[in-house]
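Enquirer: Got a structure here, written out as structure tokens. Questions coming.
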Amino acid sequence: MERDDLIEYSLDAHHSEEKGVEIRKKIYKVTILLTIVTIIEVVLGAVIKQDASIWPLVKWTFLALTILKAGYIVMVFMHLGDERKWLRYVILVPYFIFILYLIFIALWEATSIKSVLNYFS
Amino acid sequence: MAGHTAALDSKTLWGGKISPFSTSYGKLMMWFFLVSDALTFGGLLISYGFTRHDCLEAWPIGEETFNSMPFLGHGYPLLYVALMTFILIISSVTMVLAVEAGHRMDRKGVTKWMIATIIGGFFFVGSQGWEWYHFIHGSEFGKIELSDGAVAIVKGHFGEIKNFTVTEAGSHHKKGDVIKEDLMHTFQHAAAAGHITNGVIILHDGSKASITKEKDHELKLIIKKGGKVNKASKGKREITGRKAEKLYYEALYSGEANRVIYGANLKQNEYGPQQYAQFFFFITGFHGFHVFSGVVINIIICLGVVAGTYHKRGHYEMVEKTGLYWHFVDLVWVFVFTFFYLL
């Protein structure tokens, strides 16, 4: 039997030298962006204390920056942005449905458990 | 789906004569594996959030827990983990450059970038080892239970212990002996076991010794759990200066066991609730294991590149697939970094 792992399936397994220059430029751009975002996160984390009044805003900024970083890694480094639209959906949609549900239910339950613990302590 | 396959010739089709999403079997299965692995990590991080959310005690704060740098000591909040994050991001970049070189059939380029990725991976695993070492050994001050029942973590610069001078002979040491080895270790063990009373330490062999120690600097107690006198407002209050020094040494030299906790293990830790250390060990350990296996896979694929296996095959898809796994490891770290260190 023919070994099917040796066959080239993907449409975009090759590109030209000129295209390569373009792609590398994009990679370097994303690198700089991720580095800057990480520096911003660390500076915010080290400078602003958790009991500061601005902390809730910083917390949400961290979450937003994390999603931004994750988005760039998945879409550019993992080339999901270059794949077929439906492949993107097959991977991202079920994941987000499960995870958002899990986050919701975990926080909801934790709040309830905490109120019970507080009541008995 | 079928519409897309029109652009592929028969050579590129799967056994069922179509090629879903115009992608290869291996790549699609790698994506499915990554989705399931991402659900595992998602579940772990959400259970961490769950525990943190329903915990009545004050949860540790990243910049207070992780503030050490190699060769420089303490007082550098989040700097080391930022460096680790940077190393992993850069190794992700070198990996994507290897994939790009593979698309141009540039074997030399692939080899070069793969080796850079492997080096970055080793650096990250090593950094994590160092991080664990520090987490397990803890700070020089530890977490202290004050005389009124309040619990505080301690920040500042620990004055060096110069020596122990034996004042009462035991089975090993004679009176007048000056001990200069393994001081910090002995000191911490004795303090945790309650073998120090009013500046006099009881050594392993039963001998008693006085402690010669330099003064601490910028000693600061951060109250994590309120006591009768030292109440914590909003779960946090800081005590500095002479009062902090007095309270700290009063408790440390009380002669009672378990007033101070150093570092972390699976039973107790100095940072906060015990679940915190459990989650730290499990999640960063599980991630570190992923990084390690990623490095091993990268080495295997890199050998294949050097041997020319993929060049003969006509495409570097194996590099792309192992690249997907490597980027995933980076992706997970982005989230671990946020939830363990920043929030």
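Values in this text are rule-based calculations from the coordinates and carry no lab data. Bear in mind that the values here come from a model prediction, so they are computed numbers and not experimental data. All Cβ positions, even for glycine, are placed from backbone atoms using ideal geometry, and neighbour counts span all protein chains on display.
Enquirer: Label 7 Å along Cα→Cβ of A:Ala70; the stretch B:30-56 residues with amide nitrogen under 12 Å?
Expert: Residues passing the 12 Å test: B:38-46.
Enquirer: Separate question: Could you tell me whether the stretch B:267-325 comes out rounded, prolate or oblate from its Cα gyration tensor? Rule is a ≥ b ≥ c as square roots of the eigenvalues, rounded for a/c under 1.5, then prolate if a/b exceeds b/c, otherwise oblate.
Expert: Prolate is the answer for the stretch B:267-325, as a/c is 1.5 or above and a/b outweighs b/c.
Enquirer: Compute the orientation-averaged projected area for the protein assembly as shown from the convex hull of its Cα atoms and round it to one decimal in nm².
Expert: If I average the Cα hull's projected area over directions, I get 27.6 nm².
Enquirer: Still on this structure, please answer the following. Among B:His103, B:Gly285, B:Ile153, pick out the residue whose Cα is farthest towards the positive end of the charge dipole of chain B, where Lys and Arg carry +1 and Asp and Glu carry -1 on C-beta, about the Cα centre.
Expert: Projecting each Cα onto the dipole axis, the largest value belongs to B:His103.
Enquirer: Okay, next question. Treating only the Cβ atoms of Lys and Arg (+1) and Asp and Glu (-1) as charged, compute the dipole magnitude of the stretch B:197-287 about its Cα centre; round to the nearest 20 debye.
Expert: My answer is approximately 540 debye.
Enquirer: Further question on the same structure: How far apart, in nanometres, would the label points at A:Val21 and A:Lys49 be if each is projected 7 angstrom from Cα along the Cα-to-Cβ direction?
Expert: Going from the A:Val21 label point to the A:Lys49 one covers 5.5 nm.
Enquirer: A further question follows. Count the net charge of all other residues whose Cβ sits under 12 Å from the Cβ of A:Glu41, scoring Lys and Arg as +1 and Asp and Glu as -1.
Expert: +1
Enquirer: Less than 13 Å Cβ to Cβ from B:Gly109, Lys/Arg counted +1 and Asp/Glu -1: what total charge do the surrounding residues give?
Expert: +2
Enquirer: Using Cα positions and a limit of under 16 Å, work out the aspartates and glutamates in reach of B:Lys246, with same-chain residues fewer than 8 apart set aside.
Expert: Once the sequence-local aspartates and glutamates are set aside, what remains near B:Lys246 is B:Glu145, B:Asp148, B:Glu214, B:Asp216, B:Glu218, B:Glu238.
Enquirer: Which of B:Thr23, B:Thr117, B:Thr212 ends up with the largest GNM mean-square fluctuation for chain B, with Cα atoms connected below 10 Å?
Expert: Comparing B:Thr23, B:Thr117, B:Thr212 in the GNM, the peak value goes to B:Thr23.
Enquirer: Rg to Rh for the stretch B:157-261: what is it, with Cα atoms only and Rh by Kirkwood?
Expert: Here Rg/Rh amounts to 1.04.
Enquirer: So, one more: Scan the stretch B:266-343 for trypsin sites (Lys or Arg not before Pro) in coil per DSSP, keeping those whose Cβ has at most 11 other Cβ atoms within 10 Å, and list them by number.
Expert: Hits after loop and neighbour filter: B:Lys267.
Enquirer: Now for a different question. Assign unit charges at the C-beta atoms only (+1 for Lys and Arg, -1 for Asp and Glu), then state the dipole size of the protein assembly as shown relative to its Cα centre in Debye, rounded to the nearest 20.
Expert: In debye, rounded to 20, the protein assembly as shown gives about 580.
Enquirer: Counting only other residues whose beta carbon sits under 13 Å from that of B:His137, what net charge do I get with K and R as +1, D and E as -1?
Expert: Here the charged neighbours net out to -3.
Enquirer: Excluding same-chain residues fewer than 8 positions from A:Lys19, which aspartates and glutamates have a Cα within less than 15 Å of its Cα?
Expert: A:Asp82, B:Glu100, B:Asp106
Enquirer: Charges at C-beta only: +1 for Lys and Arg, -1 for Asp and Glu. How large is the resulting dipole of chain A about its Cα centre, in Debye rounded to 20?
Expert: Dipole magnitude for chain A comes out near 600 debye.
Enquirer: Another question, if that's okay. Looking at chain B, identify the longest residue range that excludes and avoids all GluC sites (Glu not before Pro) in DSSP loops having at most 16 other Cβ atoms within 10 Å.
Expert: Of all site-free stretches, the longest is B:58-159.
Enquirer: With an 8 Å Cα cut-off and a minimum separation of 6 or more residues, compute the relative contact order for chain B in percent.
Expert: Worked out over chain B, it gives 22 percent.
Enquirer: Going through the cross-link list A:Lys29/A:Lys85; B:Lys155/B:Lys267; B:Lys143/B:Lys225; A:Lys59/B:Lys224; A:Lys29/A:Lys69; B:Lys155/B:Lys215, which pairs have a Cα-Cα distance over 18 Å in this structure?
Expert: Table pairs above 18 Å Cα-Cα are A:Lys29/A:Lys85; B:Lys155/B:Lys267; A:Lys59/B:Lys224.
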